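The values are calculated or read from the model by the stated rules, or taken from the named source; none is laboratory data. None of these values were measured; they are calculated from a predicted model. For neighbour counting, all protein chains shown are included, and Cβ atoms are generated from backbone atoms with ideal geometry for every residue, glycine included. Surface areas here come from the heavy atoms of the whole protein model, side chains and all, with no ligands, DNA or RNA. Shrake-Rupley method; radii C 1.70, N 1.55, O 1.52, S 1.80 Å.
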Amino acid sequence: MKVIHVSAECYPAAKVGGLADVVGALPKYQTNLGYEAAVVMPYYENKYGKSSKHTTDYQTVVDLAENNYKATVYKTDNSLKEFGYHLYQVHIENLLDREEVYGYEDDTERFIAFQKVVLDWILQFAQVPKIIHCHDHHTGLIPFMLTQCTKYIPIRGIPTVFTIHNAQYQGEFSFEKLAYLPEYNLEQSGILEWDYSINSMAAAIKACWKYTTVSPNYMNELPYAATGLDWLFDTERDKSVGILNGIDTDVWNPSSDKMIAKNYTVRTVESGKQANKALLCEKFNLDPKKPLVAFIGRLVYQKGADIMAGIFDRALDANDINGLVLGSGDPHAEFLLNELKEKYPGRYNTYIGYNEELSHLIYSGADFLIMPSRFEPCGLNQLYALRYGTIPVVRTTGGLKDTVKDIGEKGGFGIRHEHVSVDDVALAITRANKLYNDTAEFKRIRKEIMKIDNSWENSAQEYIELYNLIAQ
Ligand code: ADP
Ligand code: GLC
């Protein structure tokens, strides 16, 4: 392989959010472009892990201070055929092999062990990859260990690329856990340090060869984004590049998607969306004659979860529309969204949980998709919405700003708002409702957005060009 992607998530093996979609698709597009890519991720004891067939590629014992864990790298059968690249899964007994990706008390230990096994595995390759591409903080210690730890001197020259999918999560932990890392010259500890802790993301930014953000605009925002690393992002800016995420058009394709009620193309969008909307409205007791405004996502502060119920309450009160939310996260937000169902029976519904199939039905059946994000490194939902002819209503931030143009501008096709407030988002929804009632214009835009090309092809090529700058 030429590049190995290291990630905690990869669709369909394990998905929490967009990271999985990116790592699940980018290597396929790179391989198709002639740059052979592979993925290495943790083995989780989830539905995919339990049913996947694999052979053993490598075995070792990984230590975390005085504790030792048996580790095996699996090569997944048929992954090249099924996903378009080789998938390797790292099984670490009693550490990684659990159902969920994150959320355990010992996540620090789990991901340090994962990163060590990945490097131990690469260390014994007959032919090493040209590039190691790390994604988010769970893999952020790799550039540091590779360049600083004595053990990895033989592979020290492999260039690393680090992609920031979300700079809010940084993988900080106390220097008391320093003994988990392999031996290095302690005078170099400053590379690990940020704000008196070990900070995996900061260490990655300092030690990698190049880092990228998942949209150009997010890269511009980072030096002012109040992540705590603003100064670092400012000083290291010269080695950063913003590369916009794409979408996997094999998975996200309304004309072949098996998870929706009726397939459609630009030509058949009216009847197609109508059929999907009818099913959605039937399932959730909504009125198919009214516009359907939906939200899909993690119910966290980033996504505006704290004001989500307030937004729908105000928007439903002011407009004759339906509302539907699919998501899970903050328990209080979940409670308020559930409560709202009683206030607007027949016009509003909530589905609390994670449901991949339902998300596809919503992209295909909704008329508008809202994303009132406080920040959004790229955002994939708006790209899926566009492809399914669903008009995005987004806050002007991060990758949303790069990918959605307001209908007030020349060539505009979406609705944008500036603030994350109930007033501002509800007003944007009122604009959406007006657009819906301007039937000809609404139908025209719906067709136009389906034609926008947000596929991975261009961005996969941009990554390859970046690799070529630094690889021998
Ligand atoms: P993030 O990675 O910050 O969560 P993105 O917009 O990049 O945001 O990607 C989110 C991905 O997760 C999309 O594929 C979206 O459809 C999916 N998703 C989020 N929440 C849910 C849910 N509750 N059920 C199904 N899919 C979800
Ligand atoms: C992160 C970001 C999201 C981005 C995704 C994939 O989870 O929150 O904006 O689209 O990663 O890069």
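A compact table of results
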{"item": "Condition met for residue 154 (over 20 Å from the mean Cα position of the chain (by Cα), without any contact (Cβ under 8 Å) to a residue 60 or more places away in the chain and within 30 Å of residue 468 (Cβ to Cβ))", "result": "yes"}
{"item": "Scope the range 329-350; condition surrounded by fewer than 19 Cβ atoms within 10 Å (Cβ to Cβ) and hydroxyl-bearing (Ser, Thr, Tyr); matching residues", "result": "344"}
{"item": "Filter result for the condition that a residue is among the aliphatic types (A, V, I, L, M) and open to solvent by 10 Å² or more (accessible area, probe 1.4 Å), over 383, 400, 427", "result": "427"}
{"item": "Close pairs (6 angstrom Cβ cut-off, 6 or more residues apart or separate chains): in the same structural domain as residue 298 (by TED's automatic domain parsing) and hydroxyl-bearing (Ser, Thr, Tyr) in the range 331-350, surrounded by 17 or more Cβ atoms within 10 Å (Cβ to Cβ) and not in a helix (DSSP H, G or I) anywhere", "result": "348/323; 350/325"}
{"item": "Residues being assigned to a helix (DSSP H, G or I), open to solvent by less than 20 Å² (accessible area, probe 1.4 Å) and either more than 19 Å from residue 94 (Cα to Cα) or within 16 Å of ligand 1 (Cβ to nearest atom) (or both) - total across the range 22-53", "result": "8"}
{"item": "Filtered residues of the range 224-248 (kept if surrounded by fewer than 17 Cβ atoms within 10 Å (Cβ to Cβ) and either within 14 Å of ligand 1 (Cβ to nearest atom) or without any contact (Cβ under 8 Å) to a residue 24 or more places away in the chain (or both))", "result": "224, 226, 230, 231, 234, 235, 237, 238"}
{"item": "Strands (runs of 3 or more DSSP E) enclosed by the range 305-406 - at least 2 residues per element that are closer than 28 Å to residue 12 by Cα and within 16 Å of ligand 2 (Cβ to nearest atom)", "result": "322-329, 368-371, 391-395"}
{"item": "Test set (1) crowded, with 17+ Cβ neighbours inside 10 Å; (2) closer than 22 Å to residue 180 by Cβ - residue 18 fails condition number", "result": "(2)"}
{"item": "Helices (runs of 4 or more DSSP H) wholly inside the range 208-303 containing at least 2 residues that are under 29 Å from residue 355 (Cα atoms)", "result": "269-284"}
{"item": "Where residue 17 falls short, out of the listed (1) under 19 Å from residue 250 (Cα atoms); (2) touching a Phe, Trp or Tyr at 6+ places or on another chain (Cβ under 9 Å)", "result": "(2)"}
{"item": "Test set (1) more than 17 Å from the chain's Cα centre (by Cα); (2) surrounded by 24 or more Cβ atoms within 10 Å (Cβ to Cβ) - residue 376 fails condition number", "result": "(1)"}
{"item": "So residue 56, is it under 24 Å from residue 131 (Cα atoms), of a type in the set (Ser, Thr, Tyr), open to solvent by less than 40 Å² (accessible area, probe 1.4 Å) and at pLDDT 95 or above", "result": "no"}
{"item": "Residue in the range 309-326 that is at positive phi and buried (at least 16 other Cβ atoms within 10 Å of the Cβ) present", "result": "no"}
{"item": "Answer residue from the range 266-284, given it is more than 13 Å from residue 361 (Cβ to Cβ) and without any contact (Cβ under 8 Å) to a residue 24 or more places away in the chain and is most open to solvent (accessible area, probe 1.4 Å) among those", "result": "267"}
{"item": "Scan of the range 416-456 for residues that are closer than 30 Å to residue 22 by Cβ, out of contact with any helix residue (DSSP H, G or I) (no Cβ under 7 Å at 6 or more places or on another chain) and part of a helix (DSSP H, G or I), ordered by number", "result": "424, 428, 432, 445, 448"}
{"item": "Residues located in the range 231-258, provided they are closer than 20 Å to residue 361 by Cα and not hydroxyl-bearing (Ser, Thr, Tyr)", "result": "247, 248, 250, 251, 252, 253, 254, 257, 258"}
